[in-house]
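To keep things clear, I will list the structure first and then write my remarks on it.
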Amino acid sequence: MIKSMTGYGKAEALLETGKITVEVRSLNGKTADISIKTSMLPKDKEMAVRQKIAAELTRGNIDFFVTYEPNAADSAKKINMDLAMEYYQQVSELGDKIGAVNLWSKNPNDLLALLLRMPEVMDAKKQDVITDENWPLVEACIDEALKNINAFRSKEGEILYKDVTEKVANIMEFSKQIEQFEQERTDAIREKILSRFAELKAEPDQSRLEQEMIFYIEKLDINEEKVRLRQHCRYFLETLDNEPNPGKKLGFIAQEMGREINTTGSKANHTEIQKFVVKMKDELEKIKEQSLNIL
């Protein structure tokens, strides 16, 4: 069964210090265009993750996210007491040198507020969330997210399959419906030519006229176009059923279908046939649009 290139997958993992969430989103694209939208992933792991995503999803515009929610005990900021005391010593020494020993005596809270605003006083020592020790948990989380987005793509693929097969069947039916007007079309062309000779009051050689008329009508014959169109439609369905990632190929087949439909329209010379040609073009445009999203 085919897959859509549109999908979303999410997975979570509990680490010692908090919860990590991996999200993968994809839209249709010609190649695997992967964007790693996180700074948490270690640089030495990024290439392996890209290769894993490309192998699992094959094609599409793919966004990869990692977010982290620390445990309550680890999320609170901590005062770096040693650093704060170091700043205090320096401020005190500066006050002694410029004669401002009692500068903060009236409002010592001002000094405290100043110290708390000093660089890194309120920052706990930063640690990498993803480490070699917890990498197996993180990698399993990534695998689960990719599994979930593939399941999403498969469900979307079922919808796409139903939609495009119905539209191909409609095109084949419209092509068949054209046949009921072909004799009427031929008679109308013949009548038009004879009427023109009557208007001109010309008396052509009947044998030569019949030859030329047959030649002209054969040039407007659309039987070959109908046969090729049906062949393309069957090939489209076979490709859809038998190839694992047929999206690009389906686009090429749809182009060939379009050529036969356009040629049929240019040769039609009949109002009802033209209506069916328009219907076929409408269905084909929807097929092309949907094929762009098929993996």
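Only the coordinates and a few stated rules stand behind these numbers; no lab work does. The structure displayed is predicted, hence computed values, not measured ones. In this analysis, Cβ positions are derived from the backbone assuming ideal geometry, glycine residues included, and neighbour counts consider all displayed protein chains.
In a shell of Cβ-Cβ distance under 15 Å around Glu139, excluding Glu139 itself, what net charge do Lys and Arg (+1) and Asp and Glu (-1) give?
Numbers: positive: Lys45, Arg50, Lys52, Lys147; negative: Glu12, Asp44, Glu46, Glu56, Asp132, Glu133, Asp143, Glu144.
Net of charged neighbours comes to -4.
If r is the Cβ-Cβ distance from Glu285 to Thr31 and R0 is 30 Å, what FRET efficiency results, to the nearest 0.05?
Details: r = 24 Å, r/R0 = 0.81.
FRET efficiency, Glu285 to Thr31: 0.80.
Among the listed pairs Lys248/Lys286; Lys226/Lys279; Lys155/Lys176; Lys52/Lys249, which are separated by more than 23 Å between their Cα atoms?
On the way: Lys248/Lys286 16 Å; Lys226/Lys279 15 Å; Lys155/Lys176 32 Å; Lys52/Lys249 25 Å.
Table pairs above 23 Å Cα-Cα are Lys155/Lys176; Lys52/Lys249.
Fully extended, how many nm does the chain gain between Glu93 and Lys248 (0.36 nm per residue separation, minus their Cα-Cα distance)?
Numbers: separation 155, 0.36 × 155 = 55.80 nm, distance 7.35 nm.
Difference between extended and current length: 48.4 nm.
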Sites Ala169 and Asp221, calculated FRET efficiency, Cβ-Cβ separation with R0 30 Å, nearest 0.05: 0.75
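How high is the FRET efficiency from Lys147 to Gln231, r the C-beta distance, R0 25 Å, rounded to 0.05?
Numbers: r = 39 Å, r/R0 = 1.55.
Once the sixth-power term is evaluated, E becomes 0.05.
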Assuming 0.36 nm per residue, please report the length gained on full extension of the stretch Ala188 to Lys162 beyond their Cα-Cα distance. 5.4 nm
